[in-house]
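The structure under discussion appears below in the form of C-alpha cells.
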There are 2 protein chains.
Amino acid sequence: MNHNDKQDELAHKRAAFQLPKGKVYLDGNSLGPLPVAARERAREVVEGQWGDDLISSWNTHDWIHLPATVGDKIGALTGAAPGQVVCCDSISVNLFKVLSAALKMRPGRHVIATTRDNFPTDIYMVEGLIEQLSDAYELRFIDEQDIAGGLSEDIAVVMLTQVNFRTGFKHNMQQVTQQVHDCGGLMLWDLAHSAGAFTVELDACKADFAVGCTYKYLNGGPGAPAFIYVARAHQQYYRQPLSGWMGHASPFAFLPGYEPDEGIRQNLSGTPGIIGMSVLDAALSVFDDVSMKQIETKSRALMRYFLQCLETAGLSDVLTLVSPHEDCRGSQLAFRHPHSYAICQAWIDEGIIADFRAPDILRVGFAPLYLRFTDLDDAVRSLAAIVNEKRYERPEFNQKNMVT
Amino acid sequence: MNHNDKQDELAHKRAAFQLPKGKVYLDGNSLGPLPVAARERAREVVEGQWGDDLISSWNTHDWIHLPATVGDKIGALTGAAPGQVVCCDSISVNLFKVLSAALKMRPGRHVIATTRDNFPTDIYMVEGLIEQLSDAYELRFIDEQDIAGGLSEDIAVVMLTQVNFRTGFKHNMQQVTQQVHDCGGLMLWDLAHSAGAFTVELDACKADFAVGCTYKYLNGGPGAPAFIYVARAHQQYYRQPLSGWMGHASPFAFLPGYEPDEGIRQNLSGTPGIIGMSVLDAALSVFDDVSMKQIETKSRALMRYFLQCLETAGLSDVLTLVSPHEDCRGSQLAFRHPHSYAICQAWIDEGIIADFRAPDILRVGFAPLYLRFTDLDDAVRSLAAIVNEKRYERPEFNQKNMVT
C-alpha cells in the first residue's frame, strides 16, 4: 500500500463509488464514475416513483422542486448561498440564457469577450446568439494570460471557463471578476472543470453569473443536467428569453401571458428530465461529509505525486507538461507528446483511462474522491512501459475513434 | 372479462408495462407508465454502460448517435422518413430553435400565429423570442375553429398544437398545413398529444416543422427528452441559434468557428442526457410490433365504449362532454363539471387516475397499449358512485395540490 493512502482523509469515499475492477480512472474530468447512491436512486426513481406512483410523484416525491433543491446543493459546493443556483438544461442552452440577459443589463455595450481557447461550445453559443440578435454585437477574443489588458468599456460581459479544458490553466476568479467589474462589465464563469474539483467562491468573488456541468467532478452521469447561477442582486433585473412554463411565476395556473418567476427559477424552461436529475441529486450526496477544501488539498497532493513519479520514471523530459503551477491550474495535468493519441490508447489498453485532446495533448484528470496514490504508481509504471517500448507506434493504437 | 377485451388485437401489449396494481390509469396523456423494457434499460445504462464502461460508452454503446437513432424511431411513429427527426432538449427549447429558424426563412413576414388556447409554454416561448428579437415581430392569435380565416400574408409561421390539451380538439393536419402553405407561411406542429396516440403523417401532410414530447403516449419517462422534425427540403436553409457543439458538423474536432451539421443534427446543442434518452429508446420498443393504425382504432373504440358506459350510468347529462366528435379529437375526453377538481381527487382516491385542467375540466386519457375495456367498466362504476353520493363535496377532495 502506498504510504500516502494511509494518511488520506478522503480514503473512505472510494467506497461510495462503483469502480470498474482492474482499472485506474484518470478521466473523471470527462465523465465521473457511478456513485453507489446514484445507482440506488436510479432504481428508485424509475421503478418506484415513476413505475408505482406515476403522475402523483410530481407532488409525493417532490419532482417539481428538484431543479431548485439540486441547484442549492450545487450552490453549497460552489460558494453560492441558497436561491441562486438552479439545475436545468445543458451548459450550451444555459449560456444562451445568461448571455442574452447580460446584454440587456448593459445597454450601450456591444461586446461579448472570451478567450480563443475557451471550450468550443461556449464560443459557438455566442456566435449563434449574435447572429440571432443582429450584427450590432461582437464576439471579441482576449488573451487568456492577460484578461485585464483586453478589457474596455464596450464589453458588456466577459465569459470565461475558469479552467482551460486542454491545459488545465485556472483563472483567479476573485481578481478577474474585480477587473471586469472595474471596467463596468459583467462576469460569467463556466465552471465545467471547477465544480466539485476545488474550492469555488461565487458569492465571495462577486461573480455575476455562472454555468456548469455536473457529469465531470460532480459525478452526475452521462449528459446529466447542467446548472446556472445568477447572483441574487441581479435577479430582479434579469430576463432570459427561453421563457418556458417551468420558469413562469405560476406554472400550473396556465395563465395566458408569461410572467417570470422572481427568483432563480426563471431560468427553467421546459419540463425537467426527472430521471437524470434524480440520479444527479443522489450523486451529490457523496459530498455530504467532506469539504471542498479537503478535496482541493488532496487534488494538489495527487498531482504533485504524479509529477514526482514521472520524474522518477525518467518521463519528465519525454512528456512535456503544459499545465501551469498548481496555484493556477485545475485538477488536471496536460502533457504534450507527438504521439499523445496513441499513448492514450495504449494506456487505456492497460486499464489506465485518461483522454486525448487535439492536437497533441494527453489529459490526466485527478478526482480526489476515488483516486488513490497507489493508482498513480500503477499508471506511471504502465506509461513508462508504453513510452520505453514505443508501443505507441503500433497500428492498433492509431485508429481514431469518433469520441476521444 | 369484458367481451371487447377478448377481441382486442393489442391486449398482449399490456404485459409490456409495469402497471400499479389495483389502479386504472387514465392519465397516460400526462405521463405514460413504465415499460418493462425501459426499466431494464435504465439498469443497463446506469449500472453497465456508465458504471462499468464509463467514458468509452460514447463509442462502445453508441451514445453519440442516440439522438439520431431515437429521432428516427419517433419519425417512424409520426410519418417522417429517416433523417428528419432528432431527440433533444424540451419542447419549449425546441420551439425556440424552430421559430427562430422559421422567421429567417420568411423575411418580410413578421407574424407568428397560434391559438389562444394553445398550451401555455408554446405561447410563452413566442413571447420570449419576440422580446429577444425586437418589437418588429408580432404574436397573433387566430381562431382554433377557423384557421383559414385567420391567415394573411404577413404570417411567417403558424404554430399549432395538433390536439388541444384541454378539450382534445384535433386539427386536420393535412388541410391546415395546405391552407398555411397557400398563404405562403410555414407550418409548425406541436405533437405533444399526438405522437404515439394516433396516426400522424408529417411527410405526407407536407409539414414544415414539428416538435413533441415523449413522456405522454410514448411512455419515455418523467421529463423525457423531446424531439424536433425539420422536413428534409428545409434542412439546407434552416439555421437555429442555439448553436452548441453537438450540432456542429464535426463536434469532436473542436474547431474554432461554428459550422452547422447539414442535416437534422444541427438541432442538437449541448451534451444529451444519456440516461433519460436511453430509457426513452427502450420505451419506444413497445411499438415495434404494432401499427399506429391499430392504436388509433383501439383508441376510438375505448372512447366510444367509455361514453356508452357514462350514458348507461346516467352520467351523460351530469358531466358535459366538451371534446368534439371522434374524427376531430385526440385520444382523450374532456368533461366539464363545476366540481371537476374534487371529482378527480375522489376518483384518484378510488385508484382511477385521471387529471384536472383549470378551470373545470376533468380530463380522461385513453392509451391503447395498456388500457382494457374492463378498466373503463371499473372507472365508470366508481365515477357514478362519486357523483351520486356527491362525494366531491368532501373537504379532503378540495385541497389543491400544486401539480394537478
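The values are calculated or read from the model by the stated rules, or taken from the named source; none is laboratory data. A quick note: this is a predicted structure, and the numbers were derived from the prediction, not measured. Cβ atoms come from the backbone with ideal geometry, glycine included; neighbour counts cover every protein chain shown. Ligands, DNA and RNA are stripped out before the accessible areas are found, and what is left, the full protein with its side chains, is counted by its heavy atoms. Shrake-Rupley method; radii C 1.70, N 1.55, O 1.52, S 1.80 Å.
For region A:229-249, the set of residues classified as within 12 Å of chain B (Cβ to nearest Cβ), closer than 30 Å to A:Gly184 by Cα, open to solvent by less than 30 Å² (accessible area, probe 1.4 Å) and in contact (Cβ under 8 Å) with a residue 40 or more places away in the chain consists of A:Gln240, A:Pro241, A:Leu242, listed by residue number. Looking across region B:46-63, the residues that are over 15 Å from B:Phe252 (Cα atoms), open to solvent by 10 Å² or more (accessible area, probe 1.4 Å) and assigned to a helix (DSSP H, G or I) come down to B:Glu47, B:Gly48, B:Gln49, B:Asp52, B:Asp53, B:Thr60. The numbered conditions (1) in contact with a helix residue (DSSP H, G or I) (Cβ under 7 Å, 6 or more places away or on another chain); (2) of a type outside the set (Gly, Ala, Ser); (3) within 7 Å of another protein chain (Cβ to nearest Cβ) are all true for B:Leu54 except (1). Filtered by the rule that a residue be part of a helix (DSSP H, G or I), within 14 Å of chain B (Cβ to nearest Cβ) and open to solvent by 30 Å² or more (accessible area, probe 1.4 Å), region A:65-95 gives A:His65, A:Ala68. Only one of (1) part of a helix (DSSP H, G or I); (2) open to solvent by 20 Å² or more (accessible area, probe 1.4 Å); (3) of a type in the set (Asp, Glu) is not met by B:Asp289, so which one is it? In the conditions (1) part of a helix (DSSP H, G or I); (2) open to solvent by 20 Å² or more (accessible area, probe 1.4 Å); (3) of a type in the set (Asp, Glu), B:Asp289 misses (1) alone. Only one of the numbered conditions (1) in contact (Cβ under 8 Å) with a residue 12 or more places away in the chain; (2) assigned by TED's automatic domain parsing to the domain that holds B:Thr161 is violated by B:Phe252, and that is (1).
Tell me whether region A:119-138 contains one or more residues that are part of a loop (DSSP other than H, G, I, E, B), of a type outside the set (S, T, N, Q), more than 13 Å from chain B (Cβ to nearest Cβ) and open to solvent by less than 40 Å² (accessible area, probe 1.4 Å). So far as region A:119-138 goes, no, none of its residues is part of a loop (DSSP other than H, G, I, E, B), of a type outside the set (S, T, N, Q), more than 13 Å from chain B (Cβ to nearest Cβ) and open to solvent by less than 40 Å² (accessible area, probe 1.4 Å).
Of the numbered criteria (1) at the interface with another protein chain (Cβ under 9 Å from one of its Cβ atoms); (2) part of a helix (DSSP H, G or I); (3) surrounded by 21 or more Cβ atoms within 10 Å (Cβ to Cβ); (4) not acidic (Asp, Glu), the one B:Lys298 fails is (1). Within region B:347-368, the set of residues being in contact with a strand residue (DSSP E or B) (Cβ under 7 Å, 6 or more places away or on another chain) and either crowded, with 23+ Cβ neighbours inside 10 Å or not in a loop (DSSP other than H, G, I, E, B) (or both) comprises B:Ile352, B:Ile353, B:Ala354, B:Asp355, B:Phe356, B:Arg357, B:Ile361, B:Leu362, B:Arg363, B:Val364, B:Gly365, B:Phe366. Listed by first and then second residue, the pairs linking a residue in region B:18-45 that is facing another protein chain (nearest Cβ under 8 Å) and part of a strand (DSSP E or B) to a residue that is of a type in the set (Asp, Glu) and open to solvent by 10 Å² or more (accessible area, probe 1.4 Å), with Cβ atoms under 9 Å apart and 6 or more places separating them unless they lie on different chains, are B:Gln18/A:Glu47; B:Gln18/A:Asp52; B:Leu34/A:Glu47; B:Leu34/A:Asp52.
Scoring B:Met173 on the criteria (1) without any contact (Cβ under 8 Å) to a residue 60 or more places away in the chain; (2) away from every other protein chain (no Cβ under 12 Å); (3) of a type outside the set (Ser, Thr, Tyr); (4) open to solvent by 30 Å² or more (accessible area, probe 1.4 Å) leaves a single failure, condition (4).
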